[in-house]
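> After the structure tokens below, expect a handful of questions from me.
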Amino acid sequence: MNAHDVASTMRNDLAGFVGDIERLEAIFATWDENQQAAVGTYKLAIEKLNGEALRRLVRALKTDPAALAAMKSAIADEVVYAVLRRHDIVKASLNERVEAALEGVRPMLASHGGDVELVKVKPPSVEVRFIGACDGCPASALTFHAGVKKAVQDACPEITDIIQVKGLGGSEEGGVRFVSPFALGDKGSWVAAGLLSEIPDGAVRSTVIDGEKVLLSRSGASVTCFQNACAHLGLPIHDGEVENGIITCPHHGFQYDLSSGECLTAPEVQLQAHAVRVIGARVEVRISK
Ligand code: FES
């Protein structure tokens, strides 16, 4: 495929834009140094122009309180937020800075077979939880004070209270509101999976994340994610009836507990789970490969 092929098959939706960019970047990577430099410069010039236009637009909107309020609500949209962040028009949120600080100490924790996850950000406090070998380790108090606490406080001076919590899960307001138990053992990247409000409470939503057809299920602030494939014949189950947290496959009636993926009809099988976390209004999924 070359750039002409990409141009002739471009789509007009978000997934299409992302796919087109990835296909073009793969093509550019095969070009020689001069061609790549020309593309890079052209891209930078366009980005600068777009950034300047967005800055002027935001500056103008800020003068009107109603427009400012609408703009703040629009920033909850992950695409709007990502583009404005890229142009440095919105600053990194407190959540992002805390996450970045934790990311910085993860290699040290990983060398001891452990990890840390963000439970809740509620200024001026942040709650974190040690997982893996760090959980319950007698040295974890020292690790906590020397590493995690210092990293978070260095990155976020407005945080004065950092609390180590025990156990699984979280559901408080703000920050990371929910992390599925399936998140603990998985590796890989968290991928945006839309807004919490886009998943009907007590029901399911089918979507494609990272090329995988998945089923998102919500119960209040808790979200689970499974491969959208029945363990019976692998057919999609998103059209199944959901009642009291149980989905019934529309094809032959296998039933699954949506909090765990456990199959109630044939206990030896289950839906394949993917890790989920809810950060504020956003849902992120880590696909198990
Ligand atoms: S494919 Fe789901 S019960 Fe048969």
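Computed from the coordinates by the stated procedures, all read-outs in this text should not be read as laboratory data. Computed from a predicted structure; not experimentally measured. Cβ coordinates were reconstructed from backbone atoms using ideal geometry, including for glycine residues, and neighbour counts include every protein chain displayed.
> Sorted from largest down, what three extents in whole angstroms do the Cα atoms of the range 3-86 have along their principal axes?
49, 25, 18
> Which of the residue pairs LYS120/LYS213; LYS72/LYS122; LYS122/LYS213 have a Cα-Cα distance greater than 25 Å in the structure shown?
As for pairs spanning more than 25 Å Cα to Cα, those are LYS120/LYS213; LYS122/LYS213.
> Sort 191-198, 42-49 by packing, meaning the average of other beta carbons within 10 Å per residue, with the highest value first.
Packing order, densest peptide first, comes out as 191-198, 42-49.
> Moving on to the next point. For the chain, compute Rg over Rh where Rg is the Cα radius of gyration and Rh is the Kirkwood radius from the inverse mean 1/r over Cα pairs.
Using only Cα positions, Rg/Rh for the chain is 1.01.
> For the range 177-286, with equal point scatterers placed on the C-alpha atoms only and solvent neglected, what are the log10 I(q)/I(0) values from the Debye formula at q = 0.11, 0.15, 0.17, 0.21 1/Å, to two decimals?
With one equal scatterer per Cα and no solvent, log10 I(q)/I(0) is -0.29, -0.55, -0.72, -1.10.
> Rounded to the nearest 500, what is the chain's calculated 222 nm mean residue ellipticity when only DSSP H runs of at least 4 contribute -39500 (n - 2.57) each, over all residues?
Result for the chain: -10500 deg cm²/dmol, rounded to the nearest 500.
> What's the ranking of 116-129, 77-90 by average number of surrounding C-beta atoms within 10 Å, highest first?
Going from most to least packed, we get 116-129, 77-90.
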